[in-house]
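Working notes for the structure below.
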Amino acid sequence: MMDKQGILVVLSGFSGAGKGTIMKALLERHDDYALSISATTRKPRAGEVEGREYFFVSKEQFLSMVEEDALIEHAQYVDNYYGTPKRYVEEQRAAGKDVILEIEIQGALKIKEKFPDALLIFVMPPDAAELEHRLTGRGTESPEAVRARLKRAAEEAVGVEAYDYILVNDQLDTCVEELHQMIQVQHSRTSARIAMISKMRQELSRLG
Ligand code: ADP
Ligand code: 5GP
């Protein structure tokens, strides 16, 4: 028996580590994944489109989503709120797609608590200097915001032990294939466990 329901994959990592870039490449190469679009109170960056990168909402709208239990998890990051809408994740998983959540560490830990089978992956750049270089090179943040994000990165390194894998984003192509393999391994594990439990249940019911 196969696990028909898609699995939850959490991709976290320091701002500028390359999560967005990795996800874009993964989705271009494989069509068995769905990317969850979060709601955020952050303002759109140049080039970001409503409903593609995020659902951009006011603080009031965000708080009413929390109130209505419409988010699987939510967290504050630097000065803004971010959260994962529940409905899309449930629909996609039910359709057999693996759903990827690109979220920060507090949200990731909540997901692991609620869904122990979720796969937690933490993306790291090859080194800290490269992180600063990528954040500055992206050109989307003011120097103050870059500093705030680097500071937050140092704090975030604290909870990384809870993740299943560290994924180093040096060569993009290699990194994307490694991510794909990690997810496939988790699938095999989940399927094997479900098959084992189902077999044991059948055997026990025959004995009982
Ligand atoms: P995040 O989503 O983690 O904040 P981004 O995907 O926006 O990070 O990447 C930050 C910057 O680093 C972007 O300018 C991106 O083009 C660049 N980048 C991402 N991956 C690599 C890589 N493997 N090698 C070199 N530059 C990269
Ligand atoms: P950014 O402002 O750079 O797009 O995102 C800032 C941080 O918020 C990133 O670490 C990103 O992964 C995280 N994030 C984005 N969406 C969510 C979400 O729905 N929930 C949580 N907990 N974090 C999120």
Positions within the stretch 102-130 being in a strand (DSSP E or B), within 16 Å of ligand 1 (Cβ to nearest atom) and over 16 Å from ALA39 (Cβ atoms), in sequence order: LEU120, ILE121, PHE122, VAL123, MET124
Count of the stretch 55-74 residues which are surrounded by fewer than 19 Cβ atoms within 10 Å (Cβ to Cβ), touching a Lys or Arg at 6+ places or on another chain (Cβ under 9 Å) and in a strand (DSSP E or B): 1
Failed criterion for GLY6 (all others in (1) within 16 Å of ligand 1 (Cβ to nearest atom); (2) part of a loop (DSSP other than H, G, I, E, B); (3) open to solvent by less than 20 Å² (accessible area, probe 1.4 Å) hold): (1)
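Can you tell which of GLU141, GLU156 is within 13 Å of ligand 2 (Cβ to nearest atom), in a loop (DSSP other than H, G, I, E, B) and more than 19 Å from ALA25 (Cα to Cα)? Break it down stepwise before answering.
Details: GLU156 fails: in a loop (DSSP other than H, G, I, E, B).
Just one listed residue meets the conditions, GLU141.
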Among (1) more than 15 Å from ligand 2 (Cβ to nearest atom); (2) outside any helix (DSSP H, G or I) - the single one GLU161 does not satisfy: (2)
Of residues in the stretch 164-192 being in contact (Cβ under 8 Å) with a residue 40 or more places away in the chain, within 16 Å of ligand 1 (Cβ to nearest atom) and assigned to a helix (DSSP H, G or I), the one most open to solvent (accessible area, probe 1.4 Å): ASP173
Residue match in the stretch 25-32 (condition: more than 9 Å from ligand 1 (Cβ to nearest atom), in a loop (DSSP other than H, G, I, E, B), touching a residue at least 12 places away in the same chain (Cβ under 8 Å) and surrounded by fewer than 17 Cβ atoms within 10 Å (Cβ to Cβ)): yes
Enumeration of residues in the stretch 79-116 that are open to solvent by less than 80 Å² (accessible area, probe 1.4 Å) and without any contact (Cβ under 8 Å) to a residue 24 or more places away in the chain: LYS86
Index of the failed condition, VAL99 passing every other in (1) at pLDDT 95 or above; (2) in a helix (DSSP H, G or I): (2)
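The values are calculated or read from the model by the stated rules, or taken from the named source; none is laboratory data. A quick note: this is a predicted structure, and the numbers were derived from the prediction, not measured. Here the Cβ is made from the backbone with ideal geometry for all residues, glycine too, and neighbour counts use every protein chain on show. Just so you know, the surface numbers come from the protein's heavy atoms only, side chains and all, with ligands and any DNA or RNA stripped out. Shrake-Rupley method; radii C 1.70, N 1.55, O 1.52, S 1.80 Å.
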